[in-house]
Each structure stands twice: as structure tokens, then as C-alpha cells.
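Data first, discussion second: the structure below is written as C-alpha cells.
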Protein chains: 2
Amino acid sequence: MTSIQEIASKYFPGTEPCRCGGAHSICLNCAKCRADEPDELYTPGDPIASIIDATVLKADATDDDIRALCATANEHDTASVCVNSHFVPLVKKLLTDSVKSCTVINFPLGANSRKAVKKEAKAVIEAGIDELDMVQNIAALRSGDWQMALETIKSVAIQCLENSVLLKVILETCYLSREQIILSCLLAKKAGAKFVKTSTGFGSAGATAENIALMREVVGPKLGVKASGGIRDKASALSMIDAGANRIGASSVTALL
Amino acid sequence: MTSIQEIASKYFPGTEPCRCGGAHSICLNCAKCRADEPDELYTPGDPIASIIDATVLKADATDDDIRALCATANEHDTASVCVNSHFVPLVKKLLTDSVKSCTVINFPLGANSRKAVKKEAKAVIEAGIDELDMVQNIAALRSGDWQMALETIKSVAIQCLENSVLLKVILETCYLSREQIILSCLLAKKAGAKFVKTSTGFGSAGATAENIALMREVVGPKLGVKASGGIRDKASALSMIDAGANRIGASSVTALL
């Protein structure tokens, strides 16, 4: 099995050593160096609710579903509420100050053009979101055009950095090989994202502890790792945390707590 | 059962008679009046292939899948090839002149903000597409905000009219009541779209002959009606045509012919 460092060196030839502790070992010359930032790791004892993104993204959701979601999020003081961008104004009206607003772009298929993704990012950032979960360019990555996949993340990451929006990159691991998962983590980190995330919840499979562990190993402690897709009870959430996740996406917040 | 005309009058009070033959009967004051345009109906005897949008929209599609799709489309001379926007440049390179390029926006969840949809439309129109299938704002419509649903279509329709791009509005009928289907057809027509379309293929159900007949009745002969979602053989395609469809979206083009 090819090591993470060998894969990193294949795509990003360089000799400078890594300063941030990722298993890629070489410096990726990230758009934003996170070496001096605090670790993005779960602190044992922290309430599980504080790392949950309370999520409703289904096509048939209505204002009423989003109101119920925000009430739950406020009650348990979750990390954020994650909704499709139509609902951002409603969410911003309903959430208490401590719960962040989060939306998704290039979602869920990960096959929009770089330009479309860039413009969609602009529109949702202008709506005032705190966090943004973008699906990476799966189409480009799986077709071998990883440079386009990198450019797509970059064009969003720049806007997020300028506007203090926390960017998570959804890999959609169910459609990726081990090498593609590793490469995707490297691309997200290099582009300047703050988190890597496993799944949309609309693919053929969701988060697995194995993929969380791999993603954490690749990115090291300075980036966050979010587990999402199919996490419906406390045991699953805990196994993701054990594997290295410091954020959990979940629709069934109450069941999970 | 409330008649189509009663529903039309409820949302768009007016007394001017319809000039284009829709069962709404009243004039909708459409952004583009189509009364003097030729009918958008299937002409018996026309090859089925000529009304097929050969479609691949799945998240795990690669360049190779799109190359195969274009080869099939060129061979059978389909109406168009419909792909996610990442693949538009590839498609435009591969298609013969008679096969149109088509992409999708606000897809497949129909829950993006109006601004995000408007910007996404701009990006894909600039990429030079011939046809655009947009999912309507399902989230707004199902939450009772049909004015926002109308505005969302309008903001795309204006751009399509200016750039001679044929606009189809995907209703996603599986999540709509009869009244919501009728209203959605009225909104698409009023906003200046050229086609109404049943489904994304990602919802809980696809096209039914019953919904096609209803949609055709509402819009009349001057708008097109596209059946999509779950149409995998010739018998299904023919039943959609019988019910009033003049365009078919299909992934399994060869099986269908």
C-alpha cells in the first residue's frame, strides 16, 4: 500500500518539511498556513451537541422543518444548523448567537463547473453565512483532472478566507479510492479549507470510522474532520469521534444525543 | 376537484382571455407571449430519438461516461445531451451540430437561494449551452411562498431569453400536490420558460402519464412538456408521448430505442 507521504510527493513534489503535522510530511504550501493555529480536535468531556451540525438538506423540506431544526439546535446549543441556501435567511432569523449558520454548495452531485461553484459561493457568502460545506469537484477528480478539482476548491476558499467563513470540503468518499481520498484531503488543505468532510448523505454510502481515521491521518491536527451521512445514534457518533472526527453532521439530533 | 381555471384565477386574478390555449383560460401576461409561436407537440412519425435528451447526471460520472453518451447521441441524432455543468466544455467539443448541449441548475434539490440560482444560470449560459433544465424553487413553493418560486424562475428565464437558451423548468412532481403541479406550470409559463418537465430522476418518483397529461392540459400546445425520471424502455416512452410529452429525458437511450 502506497504511503500517504509517497502519494503527497507524487502530486506535489517538494522537499520542505511539513510544519503542521499531516502524514503527508512535506509542506503543501497551503493557501493559508494553519501551523500556528490551535488544534481542530475533539476535547474529551465537551458536550457532543457542541460538535453537531444539525442538518436538513432534503428536497421536500419546508419552512416548518427548518423552524423545528432551529428550535432543536437552539435548545441543545449545537455547533451549527446546516440547510440549503434558500433557507439561510430564515435560519439567521431563528438561531441564537452561539449557533452558527451553515449552507452547502455544488451539492450534492459535485459536478458543477468551477465558474458556477465560484458564483454560487459568492451568492451564499453575501447572504451572511458563517460556515460553508462545498462538495469538491468529484467529476474532475474522478476523471483524473485533479488540478481542476484543486482550482474549484481554491476559488471558494479565497472567498471564504476573505469573509471569515469556515470552509468544509465534502469529499464524498463513497465514490473515491483510498488514493483519491488522500489526494482530496491534500487538495482541500492546500486550497485553504478548514475542514474535510466525508459525505453528502445523498451518495451510495456515508461516513465510516475507517475513512475518518484516514482523513485525520492525512490532514493532521490543524484541520477539522467532519463525519456525515448515516450517523443516526450516539454509538455511531462516538465511533466517529474515536476515529478522529471533531464535527458530526446529523439530521436526527435528538436521537443522537 | 378545483378546475385549472379556478386555480389560475385564484393566483392570477384577471379577466383577459388566454390567447395560447392553456386550460388556465385566462391570460397569464407571460414574460414572453408564445401565442404566435409554432406548437410544441410531438408529430406522429417523427423518430423517437429526435425528442430524446440523452442524459447522464449521476455524481460518479466521469469523462469516459460522457464520451460514451455523446457517441450514442451523435449516432441516433437525439435532441440533446444533458449533463452536469462540469462536463459542458467536453460535450460541446464532442457533439455534432444537430445535437444540442443541455445542462441543469439548482439541481437536484431545488432549494438554492434565488441569487445563487441566478448566478449559476449566468455561469452556465456563459459556457455556451443551448438548453437549460432548472429545478424550480421547490422549497419556496412547498412553503407557500409561490412568489419567490416565480421570481426564481424569472431570474433565469430573462437570461435565457436574452441568450436564446431554451429553458425547461423541472417541477419535481413527486413532492407536489395536484394544485402545486398546476401552479408550478402556471409559474413556469408566466416566467417565460419554454418547457415544463416532470422530474430530476433523484426524487422519490419519476414521470407518470397522469402528471404529463395534467401538465399538458395546463400549459396548452405552445409550451413543451418533458417526461423524465424512470423512463427506461420504449413502452414507457410511448405512453408519455401519448399523454402529451414532446421531449423525453433518458439515460438508457439505446434500450429506449
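The values are calculated or read from the model by the stated rules, or taken from the named source; none is laboratory data. Everything numeric in this text was worked out from a predicted model, so none of it was measured. Counting neighbours? That spans all protein chains shown, and the Cβs are built from the backbone with ideal geometry, glycine included. Surface accessibility is based on the protein's heavy atoms, side chains included, excluding ligands, DNA and RNA. Shrake-Rupley method; radii C 1.70, N 1.55, O 1.52, S 1.80 Å.
Once R0 is set to 35 Å, what does the formula 1/(1 + (r/R0)^6) return for the Cβ-Cβ distance between A:Asp64 and A:Lys234, expressed as a FRET efficiency to the nearest 0.05? Result of the calculation: an efficiency of 0.85. Cysteines in chain B that lack a partner Cβ within the 4.7 Å cut-off: B:Cys18, B:Cys20, B:Cys27, B:Cys30, B:Cys33, B:Cys70, B:Cys160, B:Cys174, B:Cys185. Take B:Asp77, move 7 Å from Cα toward the beta carbon, and the resulting point lies 6.9 nm from the same point in each other copy, nearest first.
Summed over both chains, the area buried between B and A is near 2900 Å², taken from the accessible surface of protein heavy atoms with a 1.4 Å probe. Distance distribution note for the range A:146-251: the fraction of Cα pairs above 24 angstrom is 18%.
Using C-alpha pairs below 8 Å separated by at least 6 residues, the relative contact order for chain A is 21 percent. In this calculation the C-beta distance from A:Phe12 to A:Ser177 is compared with R0 = 22 Å, giving a FRET efficiency of 0.75. Considering only A:Ala255, A:Gln136, A:Leu57, the residue lying farthest towards the positive end of the dipole of the range A:53-256 is A:Gln136, judged by Cα position with unit charges set on Cβ. Taken along the Cα-to-beta-carbon direction at a fixed 7 Å, the label points for B:Asn163 and B:Lys32 span 1.3 nm. The range A:29-102 and the range A:203-229 have Cα centres lying 18 Å from one another.
Each 10 Å bin from 0 upward holds the following percent of the Cα-Cα pairs of chain A: 8, 34, 39, 17, 3, 0.
For the range A:1-75, the spread of Cα coordinates along the three principal axes comes to 54, 33, 28 Å, biggest extent given first.
Judged by the mean number of other Cβ atoms found within 10 Å, the most tightly packed of the peptides A:5-14, A:145-154 leads the ranking A:145-154, A:5-14. Inter-label distance, A:Asp39 to A:Glu210: 2.7 nm, where each label sits 7 Å from its Cα along the C-beta direction. Copy A relates to copy B by a rotation, and the A residue whose beta-carbon is nearest that axis, with the distance in whole angstrom, is A:Lys119, 2.
Kirkwood Rh and Cα-based Rg: tell me the resulting Rg over Rh for the protein assembly as shown, rounded to two decimals. Display every interim value, and only then the final one.
Values: Rg = 23.5 Å, Rh = 23.6 Å.
My calculation of the ratio gives 1.00.
Rg over Rh for the range B:54-185 works out to 1.00, using Cα positions for both radii and the Kirkwood form for Rh.
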